[in-house]
Amino acid sequence: MTRRLILIAAFATLSGLTGVASAQRAAPARAPDLTVVELFTSQGCSACPPANANLLALSSRSDLLTLSWGVTYWDQLGWKDTFGHDAYTRRQCDCQRGLGTDNVWTPQVVVDGRRHVVGQRMAQIQALIDRHQPLPGPAVVIRNGGVGLAGGTAPGAPADVWLVRYEPRPIEVPVARGENGGRTLLHASVVRELVRLGDWRGATAGYRLPPSPRPELRIAVLVQAPNGGPILAAGRA
């Protein structure tokens with residue numbers, strides 16, 4: 001199936017899902033393949049600010065989808081991360097299983113759900129980005145309150161379809177206590193919501209997006225092998 005037909009199939013799915021105009025109108029060119037760069041970080045970790053700065057430097061690149069996840073296991077040391085969420089800690093634990101590592105730690109950068117590196121090491125992060133290969137999953141179309149998936153190689157097991165909503169701009173946070181007490185930390189691409197939309201088994205599929213109380217948040221969709229496996233597809237609105 002050509003890329004154009006894949007996109008038409010995705011738009012057709014969205015048309016049936018949301019009632020948007022016919023998918024037979026001209027579809028735009030497929031967006032460039034995205035490399036997914038995820039940072040697991042904590043405001044209570046003194047090693048994390050340089051990693052936050054690295055993600056900020058990468059966040060303006062159109063070929064990357066950067067996401068910053070605030071984990072919670074540093075909260076007991078005097079400062080509760082203002083962006084932290086147990087769901088994001090669970091996501092890192094899933095990545096740990098997928099990567100085959102012994103434990104979770106910060107700051108950790110995971111690229112495409114396949115490889116990881118210490119978040120302060122920008123040269124090594126770039127080296128992992130340079131190793132990116134086209135993702136084997138479906139084309140992802142996000143439009144009018146829905147997501148359409150079409151094409152791609154069917155996974156060996158049903159893949160997870162994740163909705164991610166994240167901050168469009170960097171945010172400064174004054175930290176009063178803990179290892180970073182007295183510092184103001186700058187964060188980029190801060191994740192605010194993670195929702196599992198359903199499974200993807202290889203067929204053309206569509207999903208409704210739940211409403212957001214903050215429409216200014218950016219939207220991304222990840223199709224990922226189960227149990228924190230590799231990213232199969234990624235798209236953003």
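The values are calculated or read from the model by the stated rules, or taken from the named source; none is laboratory data. Please read these numbers as outputs of a predicted model, since none were measured by experiment. In this analysis, Cβ positions are derived from the backbone assuming ideal geometry, glycine residues included, and neighbour counts consider all displayed protein chains. Heavy atoms of the whole protein, side chains included, go into the accessibility calculation; ligands, DNA and RNA do not. Shrake-Rupley method; radii C 1.70, N 1.55, O 1.52, S 1.80 Å.
A Förster radius of 45 Å combined with the Cβ-Cβ distance from residue 80 to residue 126 puts the calculated FRET efficiency at roughly 0.90. If the viscosity is 0.890 mPa s and the temperature 25 °C, what Stokes-Einstein diffusion coefficient in µm²/s follows for segment 141-186 when Rh is the Kirkwood radius over Cα pairs? So the translational diffusion coefficient is about 162 µm²/s.
Treating each Cα of segment 198-237 as one equal point scatterer and applying the Debye formula with no solvent, the log10 of I(q)/I(0) at q = 0.15, 0.23 Å⁻¹ comes out as -0.46, -0.93.
Classify segment 38-94 from the C-alpha gyration tensor, please: rounded if a/c falls under 1.5, else prolate or oblate depending on whether a/b exceeds b/c. Each step should come with its number before you reach the end.
Numbers: a/c = 2.82, a/b = 1.55, b/c = 1.81.
Cα axes put segment 38-94 in the oblate bin.
Grab the DSSP H runs of the chain that are 4 residues or longer, score each as -39,500 (n - 2.57), total them, divide by all residues and round the 222 nm result to the nearest 500 deg cm²/dmol. Don't skip to the end; give the middle numbers.
Values: 4 runs with 50 residues, N = 237.
Taking each H run of at least 4 residues, the total per residue is -6500 deg cm²/dmol.
Accessible surface of residue 77, taken over heavy atoms with a 1.4 Å probe and every protein chain present, rounds to 100 Å². Of the complete DSSP H runs in the chain, those spanning 18 angstrom or more by Cα along the long axis with a mean Kyte-Doolittle score not below -0.5 are 3-18.
Give, as a single signed number, the net charge of other residues whose beta carbon lies under 15 Å from the beta carbon of residue 214, with Lys and Arg counted +1 and Asp and Glu -1. Each step should come with its number before you reach the end.
Values: positive: 165, 169, 192, 218; negative: 167, 193, 216.
Computed value for this residue: +1.
When you filter the trypsin sites (Lys or Arg not before Pro) in segment 121-154 for DSSP loop state and at most 14 other Cβ atoms inside 10 Å of their Cβ, you are left with 131. Coordinate range of the alpha-carbon atoms in segment 123-219 per principal axis, descending: 52, 37, 21 Å. For segment 31-75, no residue has its backbone nitrogen under 19 Å from a point 7 Å from the Cα of residue 102, taken along Cα to Cβ.
Fully extending the segment from residue 46 to residue 196 would add 50.9 nm, taking 0.36 nm per residue of separation and subtracting the current Cα-Cα distance. Backbone N atoms of segment 185-215 closer than 13 Å to the 7 Å Cα→Cβ label point of residue 154 belong to residues 200-204.
Size of the chain: Rg and Dmax of its alpha carbons, in Å, are 18.0, 57. Only residues of segment 124-159 count here: report those whose backbone N is under 20 Å from the spot 7 Å along Cα→Cβ of residue 90, or say none. So the set is 158-159.
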